[in-house]
Amino acid sequence: MPKKPFYKYHEPVNFRDTWRIFKIMAEFVEGYQFVAQFRKEITFFGSARTKPADRYYKLAKQTAYLLGKKKHTIITGGGPGIMEAANWGATNAKAESVGINIQLPSEQVLNKYVKKSWGFHYFFTRKVMLTAPSQAFLYYPGGFGTLDEFFEVMDTIELEKMPKVPVGIFGKEYWNPLIDFLKKSSVEGIGAISEQNLKLFKIMETPKEAVQIISKTHERPFFAEFAPEKFSTGESANWRIFRIMSELVEGFEFATKLKDDVTILGTKSIKQDSPYYHQAYELANKLGKLKYSIVTGGGPGIMEAANHGAYDAGVESIGMNMKFDHQIRTNQYVTSSASFFFPFTRKLILTAPSLGFIIFPGGYGTLHQLFEILTLMQTGKIGRMPVILFGKKFWKPLDEFIENLLAKKFKTINPADRDLYKIVDKIEDAVRIIKQVPRNLKK
């Protein structure tokens, strides 16, 4: 019998803490200075629990070795498992072997094959350093963290915040069930991902195939809108550092005003006649009548539906949206909003203050936010809170993938990690779970 979720009292976070902001900025400045020294970077992702005898450990080792021989810098998260394998390959090829490490209470120990490393307290700054400089990404079977990193890259490319680069995934037995879920649920089911964007990644079988594809790419000195070269040198780049700081200060200040807020996430692609639109409206409206404020990404689709429900309930209807071409796009039901240029600052503020998360069907962005939240809770970076997946028809295949592949076959998560989320079909069930969380935590 599954354990009943336990949502403890969380001490209020002081979002005005000057030290917190300066620590984040220090991680950005020092991180960009660190990664700016490398060239021809390839980033490897995969489980920290993969053993040396495992087939995928050997594949990662061989691939990194071949890429290292071609003078590529190999970047990993610096830990054991797949990361260790890739660093082994780089070191034995006499190439740059880099670890971008995270400070965790367990599991993440710097492996002995890392020759240059930098450590981070915050996941989101670390992930920027793992992705911003690279000209290709290689993924091996992993857990919540690997899926977070995979969907973040897919989302960033889809948003055109990153150029289309080779994204290779190793292991048909692992990835094919996930691809089937994406195709049937996100592409065909709700239109959250286009057929074209389902081709942003490629299943690879051999190290030579990866090397062949990557050899056709070129290093991008201005790789993305937040690439290291735009930050680390030159007076003209300084404004970007201040822009990040400005977004953090303004975002944290905005977060201090939120109270008893629930975050509702989901695709922007559904129309007003969709059952999911109506359910998001009704759920937000019901929570609003219980005096919960509602936070969304501020856009159309599920976000609009939830903001509409909150608006009609007479509570704060909050939107945290992205700026595109310096334009702010929020739906008409948002009563209070914050806008962001950088995806990573938006994600930080969007997830920081909530009492819980209700996640409707979606595409790359929604899945990225889901696995980021699960990773943060799994690793103890944030306290446990409700993560409610609304819509069994959509979410059940993903749940089966997590149970059968991650928990049982590959053992990249613990079986108990599946208790970090609940799947529901009824509005009253979602409300009941949210009501288990102590309220009035922020004064």
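The values are calculated or read from the model by the stated rules, or taken from the named source; none is laboratory data. What you see is a predicted model, and the numbers here were worked out from it, not measured in a lab. Glycine also receives a Cβ, built like all others from the backbone with ideal geometry; neighbour counts cover every protein chain displayed.
Using beta carbons and a limit of 9 Å, which pairs, at least six apart or on different chains, have the first residue in the stretch 239-253 and free of Cβ contacts under 8 Å to residues at least 24 places away in the same chain and the second one assigned to a helix (DSSP H, G or I) and surrounded by 15 or more Cβ atoms within 10 Å (Cβ to Cβ)?
Hits for this filter: 240/230; 240/231.
Conditions (1) among the β-branched types (Val, Ile, Thr); (2) not in a helix (DSSP H, G or I), marked per residue:
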position	(1), (2)
90	no, no
101	no, yes
110	no, yes
114	yes, yes
117	no, yes
134	no, yes
138	no, yes
147	no, no
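Restricting attention to the stretch 339-359, which residues are touching a strand residue (DSSP E or B) at 6+ places or on another chain (Cβ under 7 Å) and of a type in the set (D, E, K, R)?
Residue satisfying the conditions is 346 alone.
Condition (residue is surrounded by fewer than 20 Cβ atoms within 10 Å (Cβ to Cβ), without any contact (Cβ under 8 Å) to a residue 12 or more places away in the chain and within 27 Å of residue 21 (Cβ to Cβ)) applied to the stretch 340-361: is it met by at least one residue?
No, the conditions are met nowhere in the stretch 340-361.
Mind counting the residues in the stretch 64-88 that are hydrophobic (A, V, I, L, M, F, W, C) and assigned to a strand (DSSP E or B)?
Step one: list which residues in the stretch 64-88 are hydrophobic (A, V, I, L, M, F, W, C), which gives 64, 66-67, 74-75, 82-83, 85-86, 88.
From what's left, assigned to a strand (DSSP E or B): 74-75.
Within the stretch 64-88, residues that are hydrophobic (A, V, I, L, M, F, W, C) and assigned to a strand (DSSP E or B) number 2.
Pull up the stretch 342-387, narrow it to residues that are among the hydroxyl-bearing types (Ser, Thr, Tyr) and in a helix (DSSP H, G or I), then point me to the one that is farthest from residue 159 (Cα to Cα).
Only one residue fits best here, namely 375.
For residue 134, are the conditions met, namely being surrounded by 22 or more Cβ atoms within 10 Å (Cβ to Cβ) and modelled with pLDDT of 90 or more?
Numbers: surrounded by 22 or more Cβ atoms within 10 Å (Cβ to Cβ): yes; modelled with pLDDT of 90 or more: yes.
For residue 134, the condition - surrounded by 22 or more Cβ atoms within 10 Å (Cβ to Cβ) and modelled with pLDDT of 90 or more - is met.
For the condition touching a residue at least 40 places away in the same chain (Cβ under 8 Å) and either part of a helix (DSSP H, G or I) or not aromatic (Phe, Trp, Tyr) (or both), what is the one hit in 213, 179, 203? Lay out the reasoning, then the answer.
Values: 179 fails: touching a residue at least 40 places away in the same chain (Cβ under 8 Å); 203 fails: touching a residue at least 40 places away in the same chain (Cβ under 8 Å).
Within the list 213, 179, 203, the selection yields 213.
Out of curiosity, is residue 288 closer than 27 Å to residue 396 by Cα and either free of Cβ contacts under 8 Å to residues at least 60 places away in the same chain or in a loop (DSSP other than H, G, I, E, B) (or both)? Break it down into steps so the answer makes sense when it comes.
Numbers: closer than 27 Å to residue 396 by Cα: no; either free of Cβ contacts under 8 Å to residues at least 60 places away in the same chain or in a loop (DSSP other than H, G, I, E, B) (or both): yes.
Criteria not met by residue 288.
Among (1) within 24 Å of residue 404 (Cβ to Cβ); (2) charged (D, E, K, R); (3) touching a residue at least 24 places away in the same chain (Cβ under 8 Å), where does residue 188 come up short?
So residue 188 meets the others, but not (3).
Give the stretch 389-413 a look and list any residue that's more than 24 Å from residue 363 (Cα to Cα) and surrounded by 14 or more Cβ atoms within 10 Å (Cβ to Cβ), or say none. Write out each step before concluding.
Taking the stretch 389-413 as the starting set, the residues that turn out to be more than 24 Å from residue 363 (Cα to Cα) are 408-411.
Listed by number, the residues that qualify are 410, 411.
From the set of residues in the stretch 34-56 that are in contact with a strand residue (DSSP E or B) (Cβ under 9 Å, 6 or more places away or on another chain) and not aromatic (Phe, Trp, Tyr), which is surrounded by the most Cβ atoms within 10 Å (Cβ to Cβ)? So that I can check it myself, show each step before the final result.
First, the residues of the stretch 34-56 that are in contact with a strand residue (DSSP E or B) (Cβ under 9 Å, 6 or more places away or on another chain): 34-35, 37-46, 56.
Subset that is not aromatic (Phe, Trp, Tyr): 35, 37, 39-43, 46.
Details: 35: 25, 37: 13, 39: 13, 40: 20, 41: 22, 42: 30, 43: 25, 46: 32.
Once the filter is applied, the top-ranked residue is 46.
Here's the yes/no breakdown for (1) closer than 30 Å to residue 129 by Cβ; (2) at pLDDT below 90:
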| site | (1), (2) |
| --- | --- |
| 228 | yes, yes |
| 246 | yes, yes |
| 254 | yes, yes |
| 266 | yes, no |
| 270 | no, no |
| 297 | yes, no |
| 304 | no, no |
| 328 | yes, yes |
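So is residue 318 under 20 Å from residue 283 (Cβ atoms), touching a residue at least 40 places away in the same chain (Cβ under 8 Å) and hydrophobic (A, V, I, L, M, F, W, C) or not?
On the way: under 20 Å from residue 283 (Cβ atoms): yes; touching a residue at least 40 places away in the same chain (Cβ under 8 Å): yes; hydrophobic (A, V, I, L, M, F, W, C): yes.
Yes, satisfied.
Show the residue pairs that are 6+ apart or on different chains and have beta-carbon atoms under 6 Å apart, the first residue being within the stretch 51-69 and in the same structural domain as residue 139 (by TED's automatic domain parsing) and closer than 26 Å to residue 40 by Cα, the second being of a type in the set (Ser, Thr, Tyr) and outside any helix (DSSP H, G or I).
Every condition considered, the pairs that remain are 56/50; 56/140; 57/50; 60/140.
In the stretch 247-287, which residue that is small (Gly, Ala, Ser) and within 22 Å of the chain's Cα centre (by Cα) is farthest from residue 25 (Cα to Cα)? Steps first, please.
The initial filter retains those residues of the stretch 247-287 that are small (Gly, Ala, Ser), namely 251, 255, 266, 269, 274, 280, 284.
Within this subset, residues satisfying the condition of being within 22 Å of the chain's Cα centre (by Cα) are 251, 255, 266, 269.
Working: 251: 14, 255: 18, 266: 30, 269: 34 Å.
Within the stretch 247-287, the match that is farthest from residue 25 (Cα to Cα) is 269.
Do the conditions hold for residue 397, that is, is it touching a residue at least 40 places away in the same chain (Cβ under 8 Å), assigned to a loop (DSSP other than H, G, I, E, B) and not hydroxyl-bearing (Ser, Thr, Tyr)?
On the way: touching a residue at least 40 places away in the same chain (Cβ under 8 Å): yes; assigned to a loop (DSSP other than H, G, I, E, B): no; not hydroxyl-bearing (Ser, Thr, Tyr): yes.
So residue 397 fails the test.
Can we say residue 157 is more than 24 Å from residue 411 (Cα to Cα), out of contact with any strand residue (DSSP E or B) (no Cβ under 7 Å at 6 or more places or on another chain) and part of a helix (DSSP H, G or I)? Outline the logic, then answer.
Numbers: more than 24 Å from residue 411 (Cα to Cα): yes; out of contact with any strand residue (DSSP E or B) (no Cβ under 7 Å at 6 or more places or on another chain): yes; part of a helix (DSSP H, G or I): yes.
It is true that residue 157 is more than 24 Å from residue 411 (Cα to Cα), out of contact with any strand residue (DSSP E or B) (no Cβ under 7 Å at 6 or more places or on another chain) and part of a helix (DSSP H, G or I).
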